[in-house]
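Shown next, in structure tokens, is the structure this report addresses.
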Amino acid sequence: MSLNQILAKSVSKSIEQDFWSACKKDRHGNPIVISNYMMRVFAFVTLPLGIAVLFICIFFPDSYVLEDIDPENIPVVMYCVSIFLILVSSLMLRWKVTLKKDSLVVRGLFFKRSVSIDELRMAAFRQPPKRAGAGYVVFATDTKDIRIMYQTAVGGVAFIKLLCKRIHSPLPQGFSSLQQNAALLK
């Protein structure tokens with residue numbers, strides 16, 4: 001085996017373990033879902049990069065000189081790219097869903113939302129959870145639906161199964177076939 005094959009095999013094995021592993025627990029023993037380790041490393045790299053680009057654009061515009069651009073007219077694109085990098089990486093680092101005994105707590109970059117398990121259970125009778133987008137499951141509530149990422153999260157599949165079991169709801173349609181599809185890829 002070449003080094004590339006060994007590296008590819010170890011990366012795919014670690015991603016598979018992240019995807020199919022059991023839920024992580026917080027210090028109180030509550031199941032949590034956070035971004036997987038690869039996404040967190042990406043966030044730790046892009047956060048300082050975004051801050052550095054924004055710092056250079058604001059404080060040292062003379063170092064950003066291209067042939068036809070005046071340093072005082074730094075393109076808005078540089079500001080947008082740096083702010084985008086900062087926001088996305090902060091979102092990846094701050095996103096966490098905690099399943100407590102009587103509530104589900106979703107924490108993001110600019111918000112923290114708590115929904116009782118009873119409210120999720122009652123809403124699941126009217127509208128069962130469903131898969132949405134790439135790697136999300138949507139749980140209906142009385143006010144605003146909750147989207148939980150499972151595909152790029154550590155133990156995301158186990159967390160969704162545990163939450164559906166706790167609210168007495170069936171798994172989203174096609175969700176159980178994910179494990180069968182992964183078995184076919186081996």
(request) Just add up the charged neighbours of V137: K/R +1, D/E -1, any other residue whose Cβ is under 12 Å from the Cβ of V137. (result) +3
(message) For the pairs K25/K144; K9/K161; K112/K144; K9/K100; K130/K165; K24/K144, flag any whose C-alpha to C-alpha distance is greater than 24 Å.
(response) K25/K144; K9/K161; K9/K100; K24/K144
(request) Filter the chymotrypsin sites (Phe, Trp or Tyr not before Pro) in segment 109-153 down to the DSSP loop ones having no more than 16 other Cβ atoms within 10 Å, then list what survives. (result) F110, F111
(message) Run through segment 89-145 and list the trypsin sites (Lys or Arg not before Pro) located in a DSSP loop whose Cβ has at most 16 other Cβ atoms within 10 Å.
(response) K100, K101, K144
(message) Could you give each residue of segment 85-102 its phi-based ³J(HN,Hα) in whole Hz, using Karplus coefficients 6.51, -1.76, 1.60 with θ = phi - 60°, and x for Gly or Pro?
(response) 4, 5, 5, 5, 5, 5, 4, 5, 7, 9, 6, 7, 10, 10, 9, 8, 4, 10
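All of the numbers you see were taken from the coordinates with simple rules; none came from a lab. Fair warning: this is a prediction, and the values are worked out from it, not measured in the lab. A quick note on method: Cβ atoms are made from the backbone with ideal geometry, for glycine too, and the neighbour counts reach across all protein chains shown.
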